[in-house]
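Here's the structure, in structure tokens; my notes come after.
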């Protein structure tokens, strides 16, 4: 089967290291997030475009699929149990749902550093463009990030498994707002200590 051609895409943007991106994805459109260089964490949130108070729910998503990792076939559910996106393709294999986003506060708590670029601040920036703010930031998905859980419950952020060109395809199950932070973290290995650009493409419904 032939893949999509450039004419099939309604949006194609490079998001620089540490940058933000956001767009309303119409029902049936497909958002592709590409890790251009490999081992680059992408913090992601999504909302019902018609009612942004109904936002991505990590707990509903984990409970419904019976798995704490995101991969092909995962449906991203909202607080009200509505499907927002369906992961219809995934060349990486698994993505984190539990570690959340880096912030000024937790960078200081964990690493003793201040005034660092962070995903929480990035979320505030991109959400502000859609009239949203702090109350809309919830536990997010970390695409291309690996956070294994040990038998005793310990967790750690470790080197990612994504390669250059790894991607995920997210089909919108309703009109949905998608926002992301191309993680600027340099104090743990989620970005191989070297944040790099990603690519976001939106394919027309077909």
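The values are calculated or read from the model by the stated rules, or taken from the named source; none is laboratory data. Note that the structure is predicted; figures quoted are calculated from it, not measured. Don't worry about glycine lacking a Cβ; one is built from the backbone with ideal geometry, like all the others, and counts go over all protein chains shown.
Observations
- Of all residues in segment 54-92, those satisfying the criterion of being in contact with a helix residue (DSSP H, G or I) (Cβ under 8 Å, 6 or more places away or on another chain) and within 22 Å of residue 124 (Cβ to Cβ) are 55, 76, 78, 79.
- Hits in segment 37-68 (condition: without any contact (Cβ under 8 Å) to a residue 60 or more places away in the chain and either surrounded by 15 or more Cβ atoms within 10 Å (Cβ to Cβ) or in a loop (DSSP other than H, G, I, E, B) (or both)): 54, 60, 61, 62, 64, 65, 66, 67
- Test: residue 71 is surrounded by fewer than 19 Cβ atoms within 10 Å (Cβ to Cβ), over 18 Å from the mean Cα position of the chain (by Cα), modelled with pLDDT of 95 or more and closer than 30 Å to residue 206 by Cβ: no
- Those residues of segment 148-157 which are surrounded by 12 or more Cβ atoms within 10 Å (Cβ to Cβ) and farther than 15 Å from residue 110 by Cα, in sequence order: 148, 149
- Cβ-Cβ under 8 Å pairs, at least 6 apart or on other chains, segment 126-145 side touching a residue at least 60 places away in the same chain (Cβ under 8 Å) and on the phi > 0 side of the Ramachandran plot, far side buried (at least 24 other Cβ atoms within 10 Å of the Cβ) and part of a strand (DSSP E or B): 144/35; 144/42; 144/95
- Residue check, residue 97 touching a helix residue (DSSP H, G or I) at 6+ places or on another chain (Cβ under 8 Å) and either surrounded by 20 or more Cβ atoms within 10 Å (Cβ to Cβ) or at positive phi (or both): yes
- Residues of segment 125-147 classified as in a helix (DSSP H, G or I) and crowded, with 17+ Cβ neighbours inside 10 Å, total: 3
- Residues located in segment 153-185, provided they are assigned to a loop (DSSP other than H, G, I, E, B) and either under 16 Å from residue 9 (Cα atoms) or without any contact (Cβ under 8 Å) to a residue 24 or more places away in the chain (or both): 153, 154, 156
- Residues being buried (at least 19 other Cβ atoms within 10 Å of the Cβ) and touching a helix residue (DSSP H, G or I) at 6+ places or on another chain (Cβ under 7 Å) - total across segment 159-186: 5
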